[in-house]
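Colleague: Okay, handing you the structure first.
Only the coordinates and a few stated rules stand behind these numbers; no lab work does. Since the model is a prediction, treat every value here as computed from it, not as a measurement. Cβ sites come from the backbone with ideal geometry, for glycine too, and all protein chains shown count toward neighbours.
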Amino acid sequence: MPKVITVVNQKGGVGKTTTAVNLSAGLAVLEKRTLLIDFDPQGNATSGVGIDKDKVELQIYDALIGRAPIEKTILSTATKNLFCIPGNINLTGAEIELVHEFAREQKLKEALQPILNSFDYIIIDCPPSLGLLTVNAMTAAMEVLIPIQCEYYALEGVSQLLTTIRLIQKNLNPGLNILGVLLTMFDKRVNLSLQVAKEVHRYFKEKVFRTIIPRNIKLTEAPGFGKPIFLYDIRSPGAMSYLNLANEVINRSE
Ligand code: ADP
Ligand code: MG
């Protein structure tokens, strides 16, 4: 069985997509057969691995509503061992269309069944909300990974997120576990970054990953070229840190 990990935080701009793309690529570099699912209508993870989100024929939405077999939605990428199910603006429709469906929170979980044995890891990139898409992602997953940006109000919204996770554990997915909390965009020259890191450690204790993702311009640039960091600048601090994270994720989850 693959490890299914959902990258979640209802705040935008905290590094979810950057983490989903580069953690997936890092796992692939470490020879793990990895599937990245873009579950955000913005489609940034899709373009982040070099797929034109507006030109894809099939995407996760088609599998979600049963319009296409999920196998047909999987695309290969320029990174060996890294596959992607794209997502784009059509996904916004799913949030509305699924509302009246039976077991609407379980659609992604059901859709994934046929491909579970084809991968070592499945990483899901979530939209910046706790709506039906994110609930589906957390119902389909075994683990959640929470990126927290080392910025003002870092922990804002976290208690609401934890409440949602507890509700999902209680009602939909008892096995759901918090794999870890990831500090992102850390700048050691900035006092605030250190303060936030301390605060997050106090709150989440051993759940915080030892790997900290630094603020690194290469991580900002890479998506513009449709490349995970390892294809863009393998020597950058961003690449090193996401490789470390991939190792830590393997150690924690296996
Ligand atoms: P989210 O998916 O949570 O909205 P993103 O991963 O898209 O967040 O990140 C928001 C912005 O910050 C993007 O422009 C991204 O390139 C940039 N970014 C994310 N992580 C880093 C980092 N460690 N260093 C520099 N820029 C980053
Ligand atoms: Mg995103």
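Colleague: For the chain, with the dipole built from +1 on Lys and Arg beta-carbon atoms and -1 on Asp and Glu ones, taken about the Cα centre, which of PHE83, PHE204, PRO147 lies farthest toward the positive end?
Modeller: PHE204
Colleague: Under the Karplus relation 6.51 cos²θ - 1.76 cosθ + 1.60, θ = phi - 60°, what is the ordered set of whole-Hz ³J(HN,Hα) values for segment 147-154, x standing for Gly and Pro?
Modeller: x, 10, 7, 6, 9, 3, 6, 3
Colleague: Between ILE123 and residues 5 or more places away or on another chain, which pairs have amide H atoms under 5 Å apart, with H built 1.01 Å from N, and which residues are they?
Modeller: Counting only residues 5 or more places away or on other chains, the set is ILE5, LEU35, LEU36, ILE37.
Colleague: Give me the dipole magnitude in Debye, nearest 20, for segment 1-139 about the Cα centre, with unit charges on the beta carbon: positive for Lys and Arg, negative for Asp and Glu.
Modeller: Magnitude of the dipole: close to 300 debye.
Colleague: At a Cα cut-off below 26 Å, give the lysines reachable from LYS80, other chains included and same-chain residues fewer than 8 away excluded.
Modeller: Output for LYS80: LYS3, LYS16, LYS32, LYS53, LYS55, LYS72, LYS109, LYS218, LYS227.
Colleague: Additional query: With point charges of +1 on the Cβ of Lys and Arg and -1 on the Cβ of Asp and Glu, referenced to the Cα centre of the chain, which listed residue (PHE119, THR6, LEU183) lies farthest in the positive direction of the dipole?
Modeller: Value computed over the given set: LEU183.
Colleague: Same structure, new question: With θ taken as phi - 60° and the coefficients 6.51, -1.76 and 1.60, list the Karplus ³J(HN,Hα) couplings across segment 122-131 in order, rounded to whole Hz; mark glycine and proline as x.
Modeller: Calculated HN-Hα couplings, in order: 10, 10, 10, 8, 9, x, x, 7, 10, x Hz.
Colleague: Counting pairs of alpha carbon atoms under 8 Å apart in space and at least six apart in sequence, what relative contact order in percent does the chain give? Present the calculation step by step, with values, prior to reporting the outcome.
Modeller: Working: 519 pairs, mean separation 67.0, N = 254.
About 26 percent, as a whole number.
Colleague: From the helices alone, meaning DSSP H stretches of at least four residues, give me the mean residue ellipticity at 222 nm for the chain, per-run term -39500 (n - 2.57), in deg cm²/dmol to the nearest 500.
Modeller: Result for the chain: -11000 deg cm²/dmol, rounded to the nearest 500.
Colleague: Right, here's the next one. Only Cα pairs under 8 Å and at least 6 apart count here; give the relative contact order of segment 192-254 as a rounded whole percent. Mind dumping the intermediate values first?
Modeller: Values: 36 pairs, mean separation 19.7, N = 63.
Relative contact order here is 31 percent.
Colleague: What does the C-alpha gyration tensor say about the overall shape of the chain? Classify as rounded when a/c is under 1.5, otherwise prolate if a/b is larger than b/c, or oblate.
Modeller: Numbers: a/c = 1.63, a/b = 1.22, b/c = 1.33.
Oblate, since a/c reaches 1.5 and b/c is not below a/b.
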